[in-house]
Amino acid sequence: MKFDLHCHIKGGSIDSSIEIDEYVNILRQKGFAGMLITDHDSYKGFNAWENEGKKYDDFTVLKGIEYDTRDAGHFIVIMPDGVESKLLTIRGMSLKQLIKVVHAGGGILGAAHPFGAKAASAMFCRKVRRNPDIFKKLDFLEGFNTCEAKEANDKAVVLAKQYSLPCTGGSDSHNKAYVGKGFTDFSSPIKSNMDLIKSIKANEITSFGGVEREFLLRHIFKNSFAATWGFRAFNRSVGLVYVLRRRPYLLKLKSPK
């Protein structure tokens, strides 16, 4: 079963212009069986679509999230069906906190584009470079991302092998042009988040990959000093501002049941 495991939709990611129905139509035509919605720190897009009562007999739409950590870039998070942690919608947790929150809820996580844009990718963050063994606590790595260069994707695959982690692939689409250009193929049927979690944990991935996006001038700016450090400063500031918002949820997580 072929899935796109990195999808941003209108209403969930501020920088996406694609509705879920548009995604589904394009992916169906390309032979995909499903998609994982991974909006930035938000479940709003998926929840709005689900509340409309839309479902497809021949296509599976699953709920994930792309979380912005304070110190380690972006991470794709997949929680069990029906589990929606408020903490995952409040950006700025440390990677250490994120790992605890996700695993406590029975979910899995993996670094998105670990060698991608410097501002948002794990391997360009000081904390990860100083403690690379934190990858041992992850469940997978994104080994292919359409929006990154071939060199970045190749390095991600090498890193995954180093830590014996399954690799996934996704388009990271924010507009129609790139939908379905990244994929993950599974040997077992995927109909729910738990199916997806079990399949990734068991590494039932037969192949992953796709087509890298063409080089654009804005890619130079994305990796410039100004863009990298400007975004990191913003991200850390927001993370600190949101400390009080996260505290009650973290305390609830730590308290005995």
Seminar exercise, completed: Taking only the alpha carbons of the chain, the radius of gyration and the largest Cα-Cα distance, Dmax, both in angstrom, are 17.1, 53
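Where Rh is the Kirkwood radius over the Cα pairs of the range 97-178, the temperature 4 °C and the viscosity 1.567 mPa s, what D in µm²/s does Stokes-Einstein return?
98
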Exercise. When the chain is treated as a GNM, springs tying every alpha-carbon pair under 10 Å, which of Gly64, Gly53, Gly12 comes out with the largest mean-square fluctuation?
Worked result: Gly53
Problem set entry | Gyration tensor verdict on the range 1-138 (Cα atoms; rounded if a/c is under 1.5, prolate if a/b is larger than b/c, oblate otherwise) | prolate
Seminar exercise, completed: If each K or R counts +1 and each D or E counts -1, the residues other than Thr206 whose Cβ falls under 11 Å of its Cβ total -1
For this session: Name the residues whose placed amide hydrogens come within less than 5 Å of the amide hydrogen of Asp81, ignoring near sequence neighbours (fewer than 5 apart) on the same chain.
Result: Asn193, Met194
Problem set entry | For Thr146, net neighbour charge (Lys/Arg +1, Asp/Glu -1) across residues whose Cβ lies under 10 Å away | -2
Exercise. To the nearest 500 deg cm²/dmol, what mean residue ellipticity at 222 nm is calculated for the chain from DSSP H runs of n ≥ 4 alone, each contributing -39,500 (n - 2.57), summed and divided by the residues?
Worked result: -10500 deg cm²/dmol
Seminar exercise, completed: Total charge of the residues flanking Lys96 in space, meaning their Cβ is under 11 Å from its Cβ, with Lys and Arg +1 and Asp and Glu -1, is +3
Seminar exercise, completed: Amide H proximity to Phe186 below 5 Å, modelled H, separation 5+ or other chain, gives Lys2, Phe3, Thr206
Seminar exercise, completed: Fewest-first ordering of Met35, Met123 by Cβ atoms within 10 Å yields Met123, Met35
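Rule-based calculations on the coordinates, nothing more; no lab input. The shown structure was predicted, so the numbers you read here are calculated from the model rather than taken from an experiment. Backbone-built Cβ (ideal geometry, glycine too); neighbour counts: all protein chains shown.
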